[in-house]
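The values are calculated or read from the model by the stated rules, or taken from the named source; none is laboratory data. As the structure is a prediction and not an experimental result, all values here were calculated from the model. Cβ coordinates were reconstructed from backbone atoms using ideal geometry, including for glycine residues, and neighbour counts include every protein chain displayed. Note: areas computed on protein heavy atoms with side chains; ligands, DNA, RNA excluded. Shrake-Rupley method; radii C 1.70, N 1.55, O 1.52, S 1.80 Å.
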Amino acid sequence: MTSSFRLPTGGRVDRSTELAFTFNGEALTGHRGDTLASALLANGVHQVATSVRLGRPRGIVAAGAEDPSALVQVEEPFPEPMLTATTVELHDGLVARGLPGQGRLADEPDPARYDAVHAHCDVLVVGAGPAGLTAALTAARAGARVVLVDEQREAGGSLLGAPERLDGAPALDWVAAAVDELTAHRDVRVLQRTTAFGHYDDGFVLALEKRTDHLGAQAPANRARQRVWRIRAGHVVVATGAHERPIVFAGNDRPGIMLAGAARTYLNRYAVLPGSEVVVFTSDDAAYAAAVEIADAGGHVAAVIEARAKAPAHWAEECARRGIEVRTGHVVTGTSGTDRVTRAHVAMLADGVVGPRTGIACDTLLVSGGWNPTVHLYSQARGRLRYDAALGAFVPGEEIDRASVAGSATGEFTLAGALRSGHDAARRALASAGLSTEGLPAEPELPVTDPEPPAQPTRVLWSVPDPDPDAGHGDQRFVDLQRDATVGDILRATGAGMRSVEHVKRYTTIGTAHDQGKTSGVIASGIVAEALGVDVGELGTTTFRPPYTPVAFAALAGRDRGVLHDPVRVTAVHDWHVMHGAEFENVGQWKRPWYYPQDGEDLETAVLRECAAARESVAMMDGSTLGKIDVQGPDAAELLDRLYTNLMSSLKVGSVRYGVMCGLDGMVIDDGTVIRVADDRFLVTTTTGNAAKILDWMEEWVQTEWPELRVHLASVTEQWATIPLVGPRSRDVLAAVAPDLDVSNDAFPFMTWRDTGVAGVPARVCRISFSGELAYEVNVPAWDALAVWEAIFAAGRQWGITPYGTETMHVLRAEKGYPIIGQETDGTVTPQDLGMAWVVSKKKDDFVGKRSFSRPENLRPDRKQLVGLLPVDGDVLLPEGGQVVEVDALSQPPVPMLGHVTSSYRSAALGRTFALALVRSGRERVGQTLYVPLEDELVPVTVTDSVLFDKEGSRRDG
Amino acid sequence: MQLIACPHCGPREETEFHYGGQAHVAYPAGNATLSDEEWGQFVFFRDNPKGPFAERWVHSAGCRRWFNAVRDTATHQILAVYRQGEPKPVVA
Ligand SMILES: [Zn+2]
């Protein structure tokens, strides 16, 4: 397999570079400008892969992203699965192998960078073929800001694969001049190797630029390998060309069977002769150019099998001149060959009946059934398609907002027509983007094309009947090569009653592979329509969805990986916690100390120690993540009265009150403390995870319902650091660090706050408690937090001050029956359910949620209510979320469920385990024995009041 | 991704906004006198038309202000935007 099919001259490859690569373990060479596919063909390698289900040899069908079968795994420079050989640019050191359908992900992190860039423009042109270049030039000349994206390594589109002429010179000269002119414009950006893969509302397009893939190991490490462009355009010109449509016949999947247009591209762009002995099978004019050009390049074309009754006169003459036989009214009915096609079976096809077959030896069989406009990006933006019966293809059916289609993507397949349509689309784009076309000449200045021979209509032929269907090898008429799905599979689907192409697609999997049915989708529609006896246009085609080509997750993730995946919020004291060995818990985006293990302690022992310190001596925690909202204005008190269930306007400056907020439905949404700073100023706190939600909730009411209230809200969560100081010794510690403060119970009673200096820093100290112990909450500016924290820690050392985390906080509050919003509540729990009727004002006429408390559903005596549960065996820890049932043996389901465990801990203070639970008619059940299933057992529990520790509140004042 | 024209900031990407449901449904004053059914209607029920629909939106990741928009629920096209307190515009 070392014979070279590279022609001595021509093409767009750089023969002065020799690139060494390895395919399936074989060392081969190619040139810069090659794709892996063209380099393989140049080396005579046609079989690339084996098919996913049947293990049949598969080769290269196309020359671009539409290829359905040449799947490879790249191993070097970095493992990447499921790439098509036709879209991998060759580079030195590339190691790849063919895939049996599925690839292998790398088992190491991808070292490459990926990033994303936003771009804004008046006109985005997708595709740098003749239509796209003309559109971009026209828009640029009118002064528009233009972005031109094109998926190939160089501009030119279809002109790269055909020896066209413009203005009497090679068309690629015109392409080069156009690119020069565009890049000279200050407001034009040309992006090669960039595939627009998604087209969304309002001119938004996502494109993927491959920046270093073609450099292999030489890729600079500091350069993003791939970049996602997020382009917002005033108007999008879709000039994405067309994909050639195969014809389905038995054995149409053998390596060496290729689309005729792809063969032209390999010949003209890559200077590769696709084979030595060629048969062409066509129902369309375009394939003749492949036959003629291959013959002129030294290949032998055995025959053109023309499905139509008559060959186009011009091409018949060209073939005759080269001694190429044209067999009209004939089709290819099958092929022979093991790992490559060796023979085409040819027969007459008249009125659906296949005549006797003859064989023609060949190593390459080129196929063309016409062309499908590449309407994906148009269709993604919800443009409706129209079936063109003459083309056998779906074409754009209407003008849509902010997008136009140009060139062969419209079904206009002549070069002159493509240039004209590119110009016209640009004019529509300029008008749509609100730009002047005054600077443009009245008549477009378009390059002159050579005269095109008169065209003969395409014969729409989806598939050729299998003349020998009972040969015992199963159906080999492959519609989707990658899925190994055949005409027979489609007929089974319609036979089973399916009438929609969407259903047939899901049943057969046609169009669901990496190529998303670029060559198979329309044919599948055609075959379904024939089977059902309906019009293809009526039947339609499956929906085109982004992405147009596969996009790696790494590219979509961009820089948002690892630590940058999601913002991490840390408090001002975070580093201290890290240094003191804290384990952290994620609360929203916050990292909160969870517990501080000492000497190999586990969670349980650490928490028992921390709890004991808080109840017996003194402990401190970092509560800075608590949400804090500054409420200011003459109507601040009025607003809080309307939003909290209890009265806030009666709160005195210098005092603190606990409050609960409910939704309109009367269900608790948050709780926290409110301190009155001044007549017209409050500071309210929220649950850590609810800070943003509650600020939004308050803003919503102020802006949408009560704009007359003179009040303003600002989040000050990050500005204040908050240090709860808890335990019988907390007063001594506070006195030590706040020498100017009278800490006596009379001078500084419960639920008040004082401004004072703490460790020399201006501080606001609140006397509030979330544990039932004597406790303070020291608030200082975040900037000073570490110094204050360390001062308190040092002052408390003589009493063994113990830092504690969220787990200990949870246990301490649960022992007191204090609910945590989001743990004891789930949006279906009222304050009354929590046993907190005392927090619901009876004095206020109205507040949010009040009217709902008297709804019959909320007055039912069997509502779930918060209670305590004590496992009869004080060593058994109930599972949080465990169901509470009344029966001591589980019968057949359904077992009536009374509620569930919301919190469950081991308590140092109680010397046993305990839990909180929401239980139907819970308060009536105090004293009852209920059960909680744990693994295979039912754990008996005694229902108690929710307050399990210091019910009298004797510890609050120290 | 749609552009939504915030009446305070101009066109911005839809990910900057949050949806707030049907507009012009005022919080009923004196709701103590409402029947349970009337109150339930206010709390739990909203219109769900196919076609133009006046809705509340908030520019959460921008100016954080609430405004109203008339959106065609069948096409997602936003037909009009207007500030809080302004009357619902007549759209074709
Ligand atoms: Zn705004």
Query raised in the report: On average, how much accessible surface per residue is there in chain B, in Å², for a 1.4 Å probe, leaving out ligands, DNA and RNA?
Result: 56
Query raised in the report: Under unit Cβ charges (Lys, Arg +1; Asp, Glu -1), what dipole magnitude, rounded to 20 debye, does segment A:599-723 have relative to its Cα centre?
Result: 480
Report summary line: Diffusion coefficient in µm²/s returned for segment A:823-882 by Stokes-Einstein, Kirkwood Rh over C-alpha pairs, 20 °C and 1.002 mPa s, is 154
Report task. Specify the longest stretch of chain A that does not include any exposed loop site, a site being one of the GluC sites (Glu not before Pro) with a non-H, G, I, E, B DSSP assignment and at most 15 other Cβ atoms within 10 Å. Result -> A:1-397
**Report entry** Positive-pole candidate from A:135, A:45, A:74, dipole of segment A:41-140, charges at beta carbon
**Finding:** A:45
Query raised in the report: Counting only heavy atoms of protein chains, what accessible area per residue, in Å², does segment A:560-639 have with a probe of 1.4 Å?
Result: 46
Query - Test item: A:699-705 mean partner chain Cβ contacts at 10 Å - result: 5
Query raised in the report: Helix A:286-296 sits at what angle to the longest principal axis of chain A, using alpha carbons and giving 0 to 90 degrees rounded to 10?
Result: 60
Report summary line: If each K or R counts +1 and each D or E counts -1, the residues other than residue A:940 whose Cβ falls under 10 Å of its Cβ total -3
Report task. At 0.36 nm per residue, minus the direct Cα-Cα distance, what do residue A:545 and residue A:223 gain on full extension? Give it in nm, one decimal, please. Result -> 112.9 nm
Query raised in the report: In segment A:599-670, with Lys and Arg counted as +1 and Asp and Glu as -1 at Cβ, which of these residues, A:643, A:600, A:668, has the Cα nearest the positive end of the dipole, that is, farthest along it?
Result: A:643
Requested in this report: Please average, across the residues of A:258-267, the number of beta carbons from any other chain that are within 10 Å of each residue's own beta carbon, and give a whole number.
Outcome: 0
Query - segment A:4-82: relative contact order as a whole-number percent, Cα under 8 Å and 6+ apart - result: 18
Query raised in the report: What is the spin-label model distance, in nm, from residue A:401 to residue A:718 if the labels are put 7 Å beyond Cα along the C-beta direction?
Result: 3.6
Query raised in the report: Is there a simple number for the mean count of other chain Cβ atoms within 10 Å of the Cβ of residues in A:851-860, and what is it?
Result: 3
Report task. Please report the buried accessible area for the interface of A with B, total over both chains, probe 1.4 Å, in Å² to the nearest 100. Result -> 2200
Report summary line: Checked against the positive end of the charge dipole of the protein assembly as shown (+1 on Cβ of Lys and Arg, -1 on Cβ of Asp and Glu, about the Cα centre), the farthest of A:739, A:302, A:24 is A:302
Query raised in the report: From Cα coordinates alone, what are the radius of gyration and Dmax values for the protein assembly as shown in angstrom?
Result: 37.3, 115
Query raised in the report: Which net charge results when you count Lys and Arg as +1 and Asp and Glu as -1 among the other residues whose beta-carbon is under 10 Å from that of residue A:61?
Result: -4
**Report entry** R0 of 45 Å, Cβ-Cβ distance residue A:843-residue A:797: FRET efficiency to nearest 0.05
**Finding:** 0.40
Report task. Go through the protein assembly as shown and flag any cysteine with no other cysteine's C-beta closer than 4.7 Å, please. Result -> A:121, A:319, A:362, A:611, A:662, A:766, B:63
Query raised in the report: What angle, in degrees between 0 and 90 and rounded to the nearest 10, separates the Cα long axis of helix A:415-432 from the longest principal axis of the Cα atoms of chain A?
Result: 30
**Report entry** In range of the label at residue A:348: residues from segment A:276-315 whose backbone nitrogen is under 15 Å from the point 7 Å along Cα→Cβ
**Finding:** A:306-310
**Report entry** Environment charge at residue A:174 (Cβ cut-off 10 Å; Lys +1, Arg +1, Asp -1, Glu -1)
**Finding:** -2
Requested in this report: Between residue A:512 and residue A:181, with labels modelled 7 Å along Cα→Cβ, what's the label distance in nm to one decimal, could you check?
Outcome: 4.8
Query raised in the report: What is the dipole size for chain A, taken about its Cα centre, with +1 at each Lys and Arg Cβ and -1 at each Asp and Glu Cβ, in debye to the nearest 20?
Result: 560
Query - Highest average packing first - A:421-429, A:326-334, Cβ atoms within 10 Å - result: A:421-429, A:326-334
